[in-house]
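Asks: Please find one structure pasted underneath; my questions will follow.
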Amino acid sequence: MRLLGRPGPLRSTALAARPPGRLRAGPWRRGSSRGRLGSTMAEEAKRLAACAAVDKHVQNNQVLGIGSGSTIVHAVHRLAERVKEENLTIVCIPTSFQARQLILQNGLTLSDLDRHPELDVAIDGADEVDSDLNLIKGGGGCLTQEKIVAGYAKCFIVIADYRKKSESLGEKWKKGIPIEVIPMAYVPVTRALTKTFGGAVELRMAVSKAGPVVTDNGNFILDWKFDKVHEWGEVNTAIKMIPGVVETGLFINMAEVVYFGMEDGSVSVREKQPR
């Protein structure tokens, strides 16, 4: 694990030149202070992680996968800045309706997997990251398309704030592992999950509409709240074998590097270890 200083408008070369170890952060943005409320500090931490990842990994003439969620907003803004400042040629593949709108709103080039079936880099957020770079994703309900895009990228980069950094899954994220299911199968899948793996399973309900959350693919989301530590690779494979399951929010052995924006304004880098 490495710690970088606050990225701001840094370029890839600036980040690469910095030696491993802890680098103290510079000041926060003008008009702010270290005494910010937690939510504002977390938002700044997201921005720090997003800028560090975009500046380090994005190059000219790349096809990029654009993830979903609040942290990705900062990554797309930084990407748009670099495209404008450096006249980069970048093609973007979205993982959700939200990502598609972000790409268009920021004047970036939108494409799809039909035209670009292989991506250079995919950048996405996470709900939790453990010490082995296993991820829980899908708090926003986009897990299937996120996993497809990440799976066809040569390099999958994750950005998050300090609240998502754990040693073991479930340490901080208490909402369970999202599982996308075909609507007609949600009851038998729920029974199969609890019978096989224990814990509790809830059908995710919508907030501003009556009924369950419906994904961009027209499916339901189950949130499995596990009650013990599992061998996540084996569990992920077993869950996907249950009839009616479309995809899980377990991203196992996929991320190459994770950038965490920290409370003190630094960026912590957790990299995949060779097996």
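The values are calculated or read from the model by the stated rules, or taken from the named source; none is laboratory data. Predicted model only: the values in this text are computed from it and were never measured. Every residue, glycine among them, receives a Cβ derived from its backbone with ideal geometry; neighbour counts consider all protein chains shown. Just so you know, the surface numbers come from the protein's heavy atoms only, side chains and all, with ligands and any DNA or RNA stripped out. Shrake-Rupley method; radii C 1.70, N 1.55, O 1.52, S 1.80 Å.
Asks: What number of residues within region 217-265 are more than 30 Å from ASP120 (Cα to Cα) and of a type outside the set (Asp, Glu)?
Replies: Residues meeting the conditions: 11.
Asks: Go over the candidates GLU146, GLU171, GLU180 one by one and state the one that is touching a strand residue (DSSP E or B) at 6+ places or on another chain (Cβ under 8 Å), acidic (Asp, Glu) and assigned to a strand (DSSP E or B). Before you say what the answer is, go through the steps one by one.
Replies: Details: GLU146 fails: assigned to a strand (DSSP E or B); GLU171 fails: assigned to a strand (DSSP E or B).
It is GLU180.
Asks: Is there a residue being open to solvent by 30 Å² or more (accessible area, probe 1.4 Å), more than 28 Å from GLY38 (Cα to Cα) and assigned to a helix (DSSP H, G or I) anywhere in region 239-256?
Replies: Yes: region 239-256 contains one or more residues that are open to solvent by 30 Å² or more (accessible area, probe 1.4 Å), more than 28 Å from GLY38 (Cα to Cα) and assigned to a helix (DSSP H, G or I).
Asks: Since THR248 meets every condition but one in (1) of a type outside the set (D, E, K, R); (2) under 30 Å from LEU48 (Cβ atoms); (3) out of contact with any Gly (no Cβ under 9 Å at 6 or more places or on another chain), which condition does it not meet?
Replies: With (1) of a type outside the set (D, E, K, R); (2) under 30 Å from LEU48 (Cβ atoms); (3) out of contact with any Gly (no Cβ under 9 Å at 6 or more places or on another chain) applied to THR248, the lone miss is (3).
Asks: Name every residue in region 50-79 that is touching a Leu at 6+ places or on another chain (Cβ under 6 Å) and either surrounded by fewer than 22 Cβ atoms within 10 Å (Cβ to Cβ) or of a type in the set (D, E, K, R) (or both), in order of residue number.
Replies: Residues satisfying the conditions are ASP55, LYS56, ASN60.
Asks: Another question, then. Among the residues of region 225-249, which ones are within 13 Å of SER168 (Cβ to Cβ) and under 22 Å from the mean Cα position of the chain (by Cα)? Lay out the reasoning, then the answer.
Replies: Kept after step one, since they are within 13 Å of SER168 (Cβ to Cβ), are these residues of region 225-249: 226, 228-232.
Answer for region 225-249, where residues must be within 13 Å of SER168 (Cβ to Cβ) and under 22 Å from the mean Cα position of the chain (by Cα): PHE226, VAL229, HIS230, GLU231, TRP232.
Asks: List, please: which pairs have Cβ atoms under 8 Å, are six or more places apart or on different chains, and start with a residue in region 202-221 that is farther than 18 Å from GLY176 by Cβ and end with one that is in a loop (DSSP other than H, G, I, E, B)?
Replies: Here the result reads VAL214/ALA206; ASP216/SER96; ASP216/GLY141; ASP216/CYS142, each pair linking region 202-221 to a residue that is in a loop (DSSP other than H, G, I, E, B).
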